[in-house]
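Some notes on the structure that comes next.
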Amino acid sequence: MEQTFIMIKPDGVQRGLIGDIISRFEKKGYYLKGMKFMNVEKSFAQQHYADLSAQPFFAKLVDYIISGPVVAMVWEGKDVVLTGRRIIGATRPWEAAPGTIRGDHAVEVSRNVIHGSDSVENGKKEIALWFPGGLAEWKSNLHPWIYE
Ligand code: DAT
Ligand code: MG
């Protein structure tokens, strides 16, 4: 099944949103396959956001990501990349619909609480970067009640 990389950014951690965010993915019917609470090094943050290195906000973005611990996670399920992005909401929180994580919990694009992979391919890259040791293997007993 499809997997995505989800990261609760330092503002989400500081603001006590970890439980709310995990709960949304859990209740939807996705499976947690990896989770780490960690501080990231500057060079690692730069690698994670390498595609944005030419953007004027890149340095600020990296400083924000390393400003406190983050929760790095892998979630698995049907269409989890695209649906995960819908659960998260638009990049710019003022464009994020109410009911989404950013719509409910964020104001500024530079403090938008959470990261989610934007494609299956990038998800694979990000999972390999953040979880080089592999993922937890398990299957929920609820699987047949969530998936046909
Ligand atoms: P997303 O996180 O929705 O995938 P993105 O990949 O385009 O968005 O950008 C990565 C992060 O960079 C985004 O979550 C917040 C930050 N960012 C994007 N545009 C920005 C801007 N104009 N000013 C400051 N930060 C920005
Ligand atoms: Mg992105």
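The values are calculated or read from the model by the stated rules, or taken from the named source; none is laboratory data. Being a predicted model, the structure only gives us computed values, none of them experimental. Methodologically, a virtual Cβ is constructed for each residue, glycine included, from the backbone with ideal geometry; neighbour enumeration extends over all protein chains shown.
Is it the case that residue 7 is modelled with pLDDT under 95 and under 21 Å from residue 88 (Cα atoms)?
So residue 7 fails the test.
Out of 126, 76, 95, which single residue is away from ligand 1 (no atom under 14 Å from the Cβ) and acidic (Asp, Glu)?
Only one candidate passes the filter, namely 76.
List the pairs whose first member sits in the range 36-56 and is within 23 Å of residue 22 (Cβ to Cβ), whose second member is of a type in the set (A, V, I, L, M) and assigned to a strand (DSSP E or B), and whose Cβ atoms are under 6 Å apart, counting only residues at least 6 apart or on separate chains?
If the second residue must be of a type in the set (A, V, I, L, M) and assigned to a strand (DSSP E or B), the pairs left are 36/72; 37/71.
Name the one entry in 40, 81 that is more than 10 Å from ligand 1 (Cβ to nearest atom), crowded, with 18+ Cβ neighbours inside 10 Å and outside any loop (DSSP other than H, G, I, E, B).
Going through 40, 81 in turn, just one is more than 10 Å from ligand 1 (Cβ to nearest atom), crowded, with 18+ Cβ neighbours inside 10 Å and outside any loop (DSSP other than H, G, I, E, B): 81.
Please specify each residue of the range 91-124 satisfying the condition of being assigned to a helix (DSSP H, G or I), within 12 Å of the chain's Cα centre (by Cα) and among the β-branched types (Val, Ile, Thr).
Scanning the range 91-124 gives a single hit, 101.
If residue 26 meets every condition in (1) surrounded by 15 or more Cβ atoms within 10 Å (Cβ to Cβ); (2) within 23 Å of residue 124 (Cβ to Cβ); (3) among the charged types (D, E, K, R) apart from one, which number is that one?
(1) is the only condition that residue 26 fails.
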